[in-house]
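Report on the following structure.
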Amino acid sequence: MKFLCLPGAYGSAQNFEVQFGPLAEEFKRRGLGSFAYSQGTHEVAPPPGWEDYFGKPPLYRFLDVSNGDAFETLRRLRHVPRGLNPEDTMRQLQGATVEEDWHQEAWRQALDGVFKTLDEDPEINAIIGYSEGAMVAASAIVEEKERCLREKGRERRIKFGIFIAGAPPLKFEGNKRITAQLFDEVGTVIDIPTLHIFGCDDAFLSSAVALFNVCDPRSAVMYDHGLGHIVPRDAENVSLLGTVLGNLVPKVEEQIKREMHFTRKDRREVKREGKLSKRAEAAQGHALSQGHGQGMGQGLGQPGQGFGGGGPGGVMRPGMHQRGYSHLSTTSAQGGNTSSDPTSGSITPAEVDFTVAMLRRTDA
């Protein structure tokens, strides 16, 4: 596979290539893919006191927030009541003080930049994003799906997404105000296989889980590296993530082959009839069930069962949940049940703490 890599805010293609370097080298060593790096178009200066933190200038953002405050969201987070689920936390963070500079034209430019890169490199078929780049990547996946419905003959390019310390995709409301797409409002909006990498000490953990919640639960996999809002670079996490991706990529590639076979074989029937034939519908259903469903309900499972099977340590396999963490029904060492209402679709901070402790245990 070939991944398009998008950096976080105050990043650049050059700096992200260094930041992501240990993981990229591990993935290359295992023959899992190659990488192309991009960046935003809005040049920015780092916040005062952080001049040496983000790497060598020039630095960029995908969104034009030149009049904004780099730490405003973090300050607002301190005032969000504890115990909220990820979706309610995101609504609190958006609030009335959402950055007004995130206007429609700037956001369209950010997405158009991603699609321009895809058009220029036909080998790219997957995407990786960190922080703001993950939000852009998630939004691009949703936008590409919508464009393919609007534009005759356009085919989807992005088949797999990796989100590091991510955030849910954005959308425009009628007044052109940008809001996050949240599961309890829109349901599942990302229907391709995804890997979600985050740390339990991330101040924006709710944001990463909110992104996970809008992805297809049959093919969305979590990995907790136990740290903060970073790209993991330590040897242990790099090796474990190599194993996780080594389990995922072959399944994604097999799904791509099935989809390509279906597209070539049935395009003429779709064109002639204006809809799928019974045989085409059956072929498509088989491809989707094989690609997403096989082994997904196997719980911890064995290596090779479904998209989430077989990964060691920090991996949350799809069979352990239905949506977010909320469907875990486990008992803590103190004897108390830590699961929330199974209809709530979200997780509380107390569940995060307990679940993280579970994830850190090995399969042994």
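The values are calculated or read from the model by the stated rules, or taken from the named source; none is laboratory data. Note that the structure is a prediction, hence the values are computed from the model and not measured. Positions of Cβ are backbone-derived with ideal geometry, glycine not excepted, and every protein chain shown enters the neighbour counts.
Scan segment 219-233 and report the pairs whose first residue is among the β-branched types (V, I, T) and surrounded by 21 or more Cβ atoms within 10 Å (Cβ to Cβ) and whose second residue is at pLDDT 95 or above and in a strand (DSSP E or B), with Cβ atoms within less than 8 Å and a gap of 6+ or a chain change.
Every condition considered, the pairs that remain are V221/T194; V221/L195; V221/H196; V231/Y130; V231/I164.
Kindly provide the set of residues from segment 152-205 that are of a type in the set (G, A, S), closer than 19 Å to T89 by Cα and under 10 Å from the mean Cα position of the chain (by Cα), ordered by number.
A165, G166, A167 - these are the residues of segment 152-205 that are of a type in the set (G, A, S), closer than 19 Å to T89 by Cα and under 10 Å from the mean Cα position of the chain (by Cα).
Suppose we filter segment 54-76 for residues that are hydrophobic (A, V, I, L, M, F, W, C), modelled with pLDDT of 70 or more and not in a loop (DSSP other than H, G, I, E, B); how many remain?
Matching residues across segment 54-76 total 1.
Only residues that are farther than 9 Å from S206 by Cβ, of a type outside the set (F, W, Y) and at pLDDT 55 or above: list them for segment 89-109, please.
R91, Q92, Q94, G95, H103, Q104, E105, A106, R108, Q109
D112 is checked against (1) acidic (D, E); (2) under 20 Å from S12 (Cβ atoms); (3) in a loop (DSSP other than H, G, I, E, B) and fails just one. What number does that condition carry?
Unmet for D112, out of (1) acidic (D, E); (2) under 20 Å from S12 (Cβ atoms); (3) in a loop (DSSP other than H, G, I, E, B): (3).
List pairs: first residue in segment 114-126 and over 21 Å from T194 (Cα atoms), second residue modelled with pLDDT of 95 or more and of a type in the set (G, A, S) anywhere in the structure, Cβ distance under 9 angstrom, at least six positions apart or on different chains.
Going by the 9 Å Cβ cut-off, the qualifying pairs are D121/A36.
Go through the residues of segment 213-225 one by one and say whether even a single one is of a type in the set (V, I, T) and within 30 Å of K257 (Cα to Cα).
yes
Please work out which residue is surrounded by the fewest Cβ atoms within 10 Å (Cβ to Cβ), limiting yourself to segment 180-205 and to residues that are in a strand (DSSP E or B) and among the β-branched types (V, I, T).
I190
So which residues in segment 1-50 are under 19 Å from E132 (Cα atoms), modelled with pLDDT under 95, surrounded by fewer than 21 Cβ atoms within 10 Å (Cβ to Cβ) and not aliphatic (A, V, I, L, M)?
Passing the criteria: T41, H42, E43, P46, P47, W50.
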